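The values are calculated or read from the model by the stated rules, or taken from the named source; none is laboratory data. A quick note: this is a predicted structure, and the numbers were derived from the prediction, not measured. Here the Cβ is made from the backbone with ideal geometry for all residues, glycine too, and neighbour counts use every protein chain on show. For accessibility, only protein heavy atoms count, side chains too; no ligands or nucleic acids. Shrake-Rupley method; radii C 1.70, N 1.55, O 1.52, S 1.80 Å.
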Amino acid sequence: MTVTSSNVPSIALHDGEHIPQLGFGVFQVPPQDTADVTTRALLAGYRHIDTAKAYNNEAGVGQAVHAADLQREDVYITTKCWNSDQGHDQAKRALRGSLERLEMRHVDLYLIHWPAPAQDRYLDTWKAFIELQQEGLTRSIGVSNFQESHLERIIAETGVVPVVNQIELHPYLQQAGLRREHAERGIVTEAWSPLAQGAVLDDPVIVDIAQAHGVTPGQAVIRWHLQLGNVVFPKSATQSRIEENFDVFGFTLTDDEMARIEGLDRGRRTGPDPDRFS
Ligand code: NDP
């Protein structure tokens with residue numbers, strides 16, 4: 001298989017590693033379709049795949065990467081530790097399981113999927129993550145769905161700052177407070193459900209801005225994320241959208257357009273509340 005090269009910008013992480021700013025998410029891609037869908041994303045130029053044990057499709061991601069005409073270091077792979085695998089020993093076993101399914105010796109980024117505060121195991125899990133990085137099984141370690149109090153606790157207890165926090169973020173949930181907190185601590189913001197699973201795409205402001213640039217609403221929203229500095233990985237199983245979502249480097253939103261999208265914030269989640277989900 002021949003794969004096109006990619007000109008996606010890289011963002012520096014505080015541990016010295018770099019992450020491609022635009023990637024491809026595979027949440028809700030059925031396991032039996034994942035190798036094919038991921039192959040199509042790699043062919044379109046994506047070099048960053050976001051998966052998780054809980055998506056039940058790590059094996060398909062690994063198959064696509066190994067079948068591609070690429071070196072392992074050319075593709076950035078993120079996976080996540082699921083809530084039922086939290087705790088020191090469990091988390092260490094969980095990454096080894098993910099690596100077996102991916103058929104890889106390491107991932108680039110390993111995330112605690114949710115803080116699950118009712119279990120109160122995320123601090124022990126974070127301590128295990130620090131060891132997993134030292135053992136070379138993951139290049140970088142980060143978290144997902146952490147609120148300020150969870151970040152504060154793991155940093156205060158270990159002195160190790162996660163390189164990213166992957167949070168729900170889109171025009172209807174802009175997370176200004178957490179983004180400010182991340183910036184102060186040198187944490188990169190990753191935006192999950194960047195299109196709010198499609199819910200923002202018929203918003204009249206988004207449609208208007210997209211029309212002004214001759215692009216689709218999806219492209220306008222992905223461009224907004226990139227200009228905010230977010231790492232973003234839209235999911236699509238549709239060939240035309242896989243390509244369209246990657247074609248976002250030929251136009252720039254104006255300050256006025258960025259401000260109009262900022263005005264759409266309404267604190268509306270599509271997913272669970274991280275303080276309650278376990
Ligand atoms: P997205 O916001 O990426 O939206 C995906 C949906 O939008 C799909 O239904 C897709 O349809 C559709 N779509 C994609 N592109 C377009 C387009 N250009 N125009 C119109 N519709 C479009 O949602 P996700 O929830 O999948 O989030 C992206 C990734 O974020 C996930 O895949 C996962 O990697 C990560 N994530 C992480 C979470 C966490 O807790 N850490 C939670 C949720 C997601 P179709 O496929 O039919 O084309």
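The figures follow:
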{"quantity": "Overall form of the range 8-262 per C-alpha gyration tensor (a/c, 1.5; a/b vs b/c)", "calculated": "oblate"}
{"quantity": "Estimated dipole of the chain in Debye, rounded to 20 [Cβ of Lys and Arg +1, of Asp and Glu -1, Cα centre]", "calculated": "440 debye"}
{"quantity": "Dipole magnitude of the range 187-278 about its Cα centre (Cβ charges: Lys, Arg +1; Asp, Glu -1), debye to nearest 20", "calculated": "320 debye"}
{"quantity": "Percent carbon-and-sulfur accessible area, the chain, ignoring ligands, DNA and RNA, probe 1.4 Å", "calculated": "45 percent"}
{"quantity": "Most to least packed among 134-143, 106-115 [average Cβ atoms within 10 Å]", "calculated": "106-115, 134-143"}
{"quantity": "Distant-in-sequence amide H partners of Val107 (H built 1.01 Å from N, under 5 Å)", "calculated": "Thr138, Arg139"}
{"quantity": "Karplus-derived HN-Hα couplings along the range 15-21 (A = 6.51, B = -1.76, C = 1.60, θ = phi - 60°), whole Hz, x at Gly and Pro", "calculated": "8, x, 8, 10, 10, x, 5"}
{"quantity": "Distance between the range 38-60 and the range 146-162 - C-alpha centres, whole angstrom", "calculated": "29 Å"}
{"quantity": "Hz values of 3J(HN,Hα) by residue in the range 251-260 - Karplus curve (6.51, -1.76, 1.60), Gly and Pro given as x", "calculated": "8, 9, 6, 6, 4, 5, 5, 4, 5, 5"}
{"quantity": "DSSP bridge orientation in the chain - percent antiparallel, rounded to nearest 5", "calculated": "15 percent"}
{"quantity": "Under 19 Å from Lys53, Cα to Cα: lysines that are on another chain or at least 8 residues apart", "calculated": "Lys80, Lys92, Lys235"}
{"quantity": "Cα lying deepest toward the dipole's positive end in the range 75-203, options Gly142, Leu99, Tyr76, charges on Cβ", "calculated": "Leu99"}
{"quantity": "Rounded, prolate or oblate (a/c below 1.5 giving rounded, otherwise prolate when a/b exceeds b/c) for the range 45-91 by Cα gyration tensor", "calculated": "prolate"}
{"quantity": "Accessible area (Å², per residue) of the chain, counting only protein heavy atoms and a probe of 1.4 Å", "calculated": "42 Å²"}
